[in-house]
Amino acid sequence: MVKHLRDIGLAVTEMPSDGLADSVFVEDTVIIAGKTAMITVPGAASRRPETDRVKQTLEELGQLNIVQ
């Protein structure tokens, strides 16, 4: 999937899983609208540590107002 996204010209940022089994589902740990990124609170407590990696990655990318 990542290859196909890159093939059509999209920038893809991959993050390590940090050993978290469900970490492939980052689509529900952050909502980005314009220049604002809102970090969510996953319902399952076991998934909440994922938000730390997502926030770190967004900070490294820069140019976003991050709300948590």
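The values are calculated or read from the model by the stated rules, or taken from the named source; none is laboratory data. From a predicted model like this one, the values you see are computed outputs, not experimental measurements. Reconstructed Cβ throughout: ideal geometry from the backbone, glycine too, with neighbour counts over all protein chains shown.
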Task: Glu27 being modelled with pLDDT of 80 or more, acidic (Asp, Glu) and assigned to a helix (DSSP H, G or I) - done: no
Open item on the list: Looking at segment 42-68, I want the residues that are in a loop (DSSP other than H, G, I, E, B) and have a partner that is among the hydroxyl-bearing types (Ser, Thr, Tyr) and loosely packed, with under 15 Cβ neighbours inside 10 Å with Cβ atoms under 7 Å, at least 6 apart or on another chain. Which pairs are those?
Closed with: Leu64/Thr36
